[in-house]
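Report on one structure; see the data block that follows.
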Amino acid sequence: MAADDVPASLAAAHRAIEEALVHVCDRGLIDVSAPIADAVRYSMLGGGKRLRPQLVLAVYRAAGGTGDASLLAASVEIVHAYSLVHDDLPCMDNDSVRRGRPTLHRVFGVTVATIAGVTMVPFAARTALEGAHALGLPLEACGSIVRQLMRASGAGGMVGGQLLDLEGEGKALSLADLERIHRAKTGALIAASVRIGAIAASASGAHARALDRYGESVGLAFQIADDVLDATATSEQLGKTAGRDAALGKVTYPAVLGVEGAIARASELADEACRALEPVSLLTPELEHLARFSVSRRS
């Protein structure tokens with residue numbers, strides 16, 4: 001969808017997310033030594049789509065939440081920022097550009113970048129807990145939110161998916177293998193963003209199940225679109241190095257299905273995400289936009 005089609009509420013949410021990220025940096029990095037604190041700020045405040053925190057806020061509102069969930073949203077973005085720092089390290093994807101700027105290890109060095117990434121994990125957990133408390137959520141819900149965030153970012157989610165991705169370089173993978181990697185490496189945190197918004201709004205039963213289906217579909221669609229963009233866009237358009245998947249010998253959806261087939265699969269998943277919410281009357285303009293944007297974006 002074109003920028004003019006973005007609901008005004010999402011533009012306002014984006015501003016709230018940016019303000020929350022600045023706030024948590026200002027308050028949470030006071031006792032952190034300068035090189036690490038500066039590196040964390042560089043990573044967290046370097047722009048980006050903010051899709052994951054947008055999902056937290058949009059789901060929270062759609063499911064009936066009325067408080068300020070911007071701290072919860074910020075906690076998810078902290079985890080995402082950490083993942084990008086470690087993804088770019090020389091021992092991982094060894095990239096030099098991210099969001100149109102030099103990657104963190106190119107600016108601060110590998111040691112500082114590695115430590116900064118690790119620092120962001122407990123920082124995210126603390127921010128999530130503070131955000132849940134700020135909404136007055138019961139203790140069980142507070143714990144569930146932190147568990148969802150940490151599970152999605154750990155060995156059973158993002159980190160485990162990254163390992164599978166690295167192990168798959170240069171190997172022949174089936175479509176099922178590829179989907180397993182993508183659902184963990186990228187999809188897990190996107191699905192968790194949806195679940196965190198749902199938990200914060202006390203969604204349950206059919207509503208929670210529909211939101212889970214939405215989050216899982218959007219998460220996979222987003223990564224398929226990433227594969228397509230890596231193969232078809234320029235580095236200037238992406239704000240990062242294009243063609244990295246092919247250079248690293250990764251099996252991608254365009255490699256397996258062709259570019260048009262991959263685009264069709266991503267669009268099908270976006271449709272599935274929206275259809276999941278229609279029967280329970282949760283398909284807001286914001287959630288539909290975010291699902292469509294996950295596959296129509298240009299970076």
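Some notes on this structure:
- Nitroxide proxy distance, nm - points 7 Å out along Cα→Cβ at Leu163 and Glu278: 4.1
- Taking a straight line from the alpha carbon of Lys185, these lysines sit under 16 Å away, with near neighbours fewer than eight places off in the same chain left out: Lys250.
- The chain, dipole about Cα centre (Lys/Arg Cβ +1, Asp/Glu Cβ -1), debye to the nearest 20: 300
- Ranked packing of 122-131, 238-247, most packed first, by mean Cβ within 10 Å: 122-131, 238-247
- Computed log₁₀ I(q)/I(0) - Debye formula, equal Cα scatterers, no solvent, the chain, q 0.10, 0.14 Å⁻¹: -0.50, -1.04
- Peptide packing: for 225-231, 6-12, the average count of neighbouring Cβ atoms within 10 Å per residue gives the ranking 225-231, 6-12, highest mean first.
- Taking 0.36 nm per residue of separation and subtracting the Cα-Cα distance, full extension of the segment from Leu248 to His23 would add 77.2 nm.
- Two-decimal log10 I(q)/I(0) for the stretch 97-151, as the Debye equation yields it once each C-alpha is a single scatterer, q = 0.17, 0.19, 0.30 Å⁻¹: -0.65, -0.71, -1.07
- Take the stretch 97-234 with all the other protein chains still there, run a 1.4 Å probe, and you get 41 Å² of accessible area per residue.
- The mean sequence separation of alpha-carbon pairs under 8 Å and at least six residues apart, normalised by the residue count of the chain, gives a relative contact order of 20 percent.
The values are calculated or read from the model by the stated rules, or taken from the named source; none is laboratory data. Everything quoted here is computed from the prediction, not taken from an experiment. All Cβ positions, glycine included, derive from the backbone under ideal geometry; neighbour counts span all protein chains shown. Areas reflect the complete protein model, heavy atoms only, side chains present, ligands, DNA and RNA absent. Shrake-Rupley method; radii C 1.70, N 1.55, O 1.52, S 1.80 Å.
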